[in-house]
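Heads up: the structure comes next, in structure tokens.
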Amino acid sequence: MNDIQLAVEGVTKRFGGVVANDNITLAVPRGHIVGLIGPNGSGKTTLFNSIVGYHPVDEGSIQFEGLEISRKRVIEIARLGMIRTFQQTHIYGKMTCMENMTVSVPHRNEGFARMFARFTPDIFEKAEHLLEFVGLYPKRYLLAGDLSFGQQKLLEFAMALMTEPKMLLLDEPTAGINPTLINGLIERLQRANADLGITLFVIEHNMRVIMNLAESIYCLAHGQLLAFGTPEEIQQDQTVIDAYLGAH
């Protein structure tokens, strides 16, 4: 039996009279790459937000490595090793790439002076290594705001790796990226999974990307779980084709 790292059971989230997630149950095994697809408005980002603590669920359970997290705060969940990236990048544009990396080092309620005092040579070495990993080492001293959008996404990915996560939730990692950079990003995601042992749970609209990246895929539609299977099974599932793939 697979080692389930993330278990979502019967999760429902409402906003007023709108049911964004309706009794969602899914599981992400440790060390796997799992995809989450569905048309716009299907509840994918809402589910991610619930998992990482941005808003509490109305019903159901979310467990990470056997620990109930559905009522924990974002920072508490992050400290457990679950990190989330966004469709729009969350970087510090007026800081250099290296500075973005070093401020990503986990810290526990420390003041800025103490936090910066902890930046030892090994932290800078780790930052340089991860910037090289994502292909941004030559730009390490450039302002992050001067990078292209695709490069900013790579920087955000490197910043997430700086926290030594156990699981990454990636919200449309290839959205807005120049097609010439996409293959490189896919390769780096696969290497983070294979070489660093990081579990990946990925929302992605680019079907070519998700079919080549994920080992298994969940499909949501209208806030409900529509289908689950391998990429091959999802591509052949008529309900998925009708709800999502057929619209592209």
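Every number in this text was worked out from the coordinates using simple rules, so none of it is lab data. These numbers come from a predicted model, not from an experiment. Backbone-built Cβ (ideal geometry, glycine too); neighbour counts: all protein chains shown.
For this structure, a couple of remarks:
- Label point distance in nm, Arg14-Asp58, each placed 7 Å from Cα along Cα→Cβ: 0.3 nm
- Net charge in the neighbourhood of Asp146 (other residues with Cβ under 11 Å of its Cβ; Lys, Arg +1, Asp, Glu -1) is +2.
- Separation of alpha-carbon centers, the range 181-223 and the range 31-76, rounded to whole Å: 17 Å
- 0 to 90° range, to nearest 10: angle between helix 121-133 axis and the chain longest Cα axis: 50 degrees
- Neighbour counting of Cβ atoms within 10 Å sorts the residues Ile75, Ile91, Ile203, fewest neighbours leading, into Ile75, Ile91, Ile203.
- Taking a Cβ cut-off of under 12 Å around Ala214, the surrounding Lys, Arg, Asp and Glu residues balance to a net charge of -3, with basic ones at +1 and acidic ones at -1.
- Nearest 10 degrees, 0 to 90: helix 149-162 Cα axis against the chain principal axis: 80 degrees
- Over 20 Å (Cα to Cα) - which of Lys94/Lys139; Lys94/Lys153; Lys94/Lys166 fall in this group: Lys94/Lys166
- When shorter helices are ignored and each DSSP H run of at least 4 residues is given -39500 (n - 2.57), the per-residue value for the chain at 222 nm works out to -10500 deg cm²/dmol.
- Each Cα pair under 8 Å and six or more residues apart adds its separation to the average, and for the chain the resulting relative contact order is 26 percent.
- Between 0 and 90°, nearest 10: helix 179-196 axis offset from the chain longest Cα axis: 90 degrees
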